[in-house]
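For reference, the structure is listed below as structure tokens.
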Amino acid sequence: MSVVLITIVTLAGLGAIAAVILFLASKKFQVFEDPRIDVVEEALPAANCGGCGFPGCRAFAEALVKADDISSMNCPVGGAPTMSIVAGILGKEAGSAKPQVAVLRCNGSCEHRPRLNNYQGAVSCAVAAALYGGETGCSYGCLGCGDCVAACKFDAMYMDEETGLPVIIEENCVACGACVEACPKDIIELRNIGPKSRRIFVSCVNKDKGAVARKSCEVACIGCGKCEKVCAFDAITIKDNLAYIDYEKCKLCRKCVEVCPTNAIHELNFPPRKPKVEKTEPEKEPVA
């Protein structure tokens, strides 16, 4: 038998043995995948935004199938209708998460927060935040480079050239949280949309003492506590010279908005206030 033929037979035998070993190994270590994962993934919006807390819709579908209770799990893009469909597929009960929207907790526009210097580095909030405190006296406010806008996959934000601040388009926002994660200053927050899309929040994150905060931005919260005192629902707390409104407790009475001396508390989508009518005392007739 020639050397060539022996070589061919040997290699063929080794190949056959390797094939058998691989076949047995694949059967031994085979991973079963629940077919419901594909069905649930089809029901999800395929946004892959990460707002659910998982890296993509596929991972979220796997978690939904494996979870015994999905009432605390939510798809911010699909919302309650999508979770209801998923619950029907899995025979589980969906939760009732309240719809949310992003809000900007900074009102430090060019008008209210004068620029003291001019940043000429990389156009990135993350880079700017790592290098210095910002172009103004407020080291807490928006840096204006638009990292949040770049992170948004739903065209729900844009930068206002006049104010230098991002603007949130409420009807496009799905509360995925990408803008929240992208902001190095933590000035974007997800809050409940509220009845009739009405919301009240403190549009400031400055923790400096009142005089310092007011000097750097004329609409900064100065931690005076007037809003806390007037709130009858314990929805407002003052911590580190800064007021915060708990949207779960707030009843939207707007009393805090009226007493804020710096207009740091914002009210959205409310009807215009009625002008106050000053009462005048009737003139007394002269005594004869």
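The values are calculated or read from the model by the stated rules, or taken from the named source; none is laboratory data. These numbers were taken from a predicted model, which means no experiment stands behind them. With ideal geometry, Cβ positions are generated from the backbone for all residues, glycine too; neighbour counts draw on all protein chains shown.
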* **The listed residue being modelled with pLDDT of 95 or more and over 20 Å from the mean Cα position of the chain (by Cα), out of A288, A235** => A235
* Structure fact -> Checked C110, C145 against criteria (in a loop (DSSP other than H, G, I, E, B), in the same structural domain as L242 (by TED's automatic domain parsing) and at pLDDT 90 or above); the one match is C145
* Structure fact -> Checking V212, V127, V219, V167 in turn, the sole residue that is in a strand (DSSP E or B), of a type outside the set (F, W, Y) and either out of contact with any strand residue (DSSP E or B) (no Cβ under 9 Å at 6 or more places or on another chain) or surrounded by fewer than 15 Cβ atoms within 10 Å (Cβ to Cβ) (or both) turns out to be V167
* Scan segment 175-197 for residues that are modelled with pLDDT under 95, assigned to a loop (DSSP other than H, G, I, E, B) and either within 21 Å of V259 (Cα to Cα) or among the aliphatic types (A, V, I, L, M) (or both) and report the count. => 2
* To do: Go through segment 227-254 and count every residue that is over 23 Å from I187 (Cα atoms) and surrounded by 15 or more Cβ atoms within 10 Å (Cβ to Cβ).
  => 2
* Structure fact -> Matching residues in segment 36-49 (touching a residue at least 40 places away in the same chain (Cβ under 8 Å) and farther than 14 Å from G78 by Cβ) number 2
* Go over the candidates F54, F23 one by one and state the one that is farther than 15 Å from I85 by Cα and either touching a helix residue (DSSP H, G or I) at 6+ places or on another chain (Cβ under 6 Å) or of a type in the set (D, E) (or both). => F54
* Structure fact -> Of V20, V101, the only residue that is assigned to a helix (DSSP H, G or I) and out of contact with any Phe, Trp or Tyr (no Cβ under 7 Å at 6 or more places or on another chain) is V20
* To do: Assess whether A61 counts as being crowded, with 17+ Cβ neighbours inside 10 Å, part of a helix (DSSP H, G or I), assigned by TED's automatic domain parsing to the domain that holds C221 and not charged (D, E, K, R).
  => no
* **Residue list for segment 145-154, filter: free of Cβ contacts under 8 Å to residues at least 40 places away in the same chain and either touching a strand residue (DSSP E or B) at 6+ places or on another chain (Cβ under 7 Å) or among the polar types (S, T, N, Q) (or both)** => G146, V149
* Any hit, segment 191-213, residues being in the same structural domain as C253 (by TED's automatic domain parsing), out of contact with any Phe, Trp or Tyr (no Cβ under 8 Å at 6 or more places or on another chain), of a type outside the set (S, T, Y) and farther than 24 Å from A235 by Cα -> yes
* With E42, E33 as the choices, which residue is modelled with pLDDT of 90 or more and either more than 30 Å from C179 (Cα to Cα) or surrounded by 10 or more Cβ atoms within 10 Å (Cβ to Cβ) (or both)? -> E42
* To do: Select, from C125, C52, the only residue that is under 29 Å from D246 (Cβ atoms), touching a Cys at 6+ places or on another chain (Cβ under 9 Å) and modelled with pLDDT under 90.
  => C52
* **Failed item, numbered, when L252 is tested on (1) touching a residue at least 40 places away in the same chain (Cβ under 8 Å); (2) within 22 Å of T163 (Cβ to Cβ)** => (2)
* Asked: Would a scan of segment 96-107 turn up a residue that is out of contact with any Leu (no Cβ under 9 Å at 6 or more places or on another chain), among the basic types (K, R), buried (at least 17 other Cβ atoms within 10 Å of the Cβ) and under 29 Å from E267 (Cβ atoms)?
  -> yes
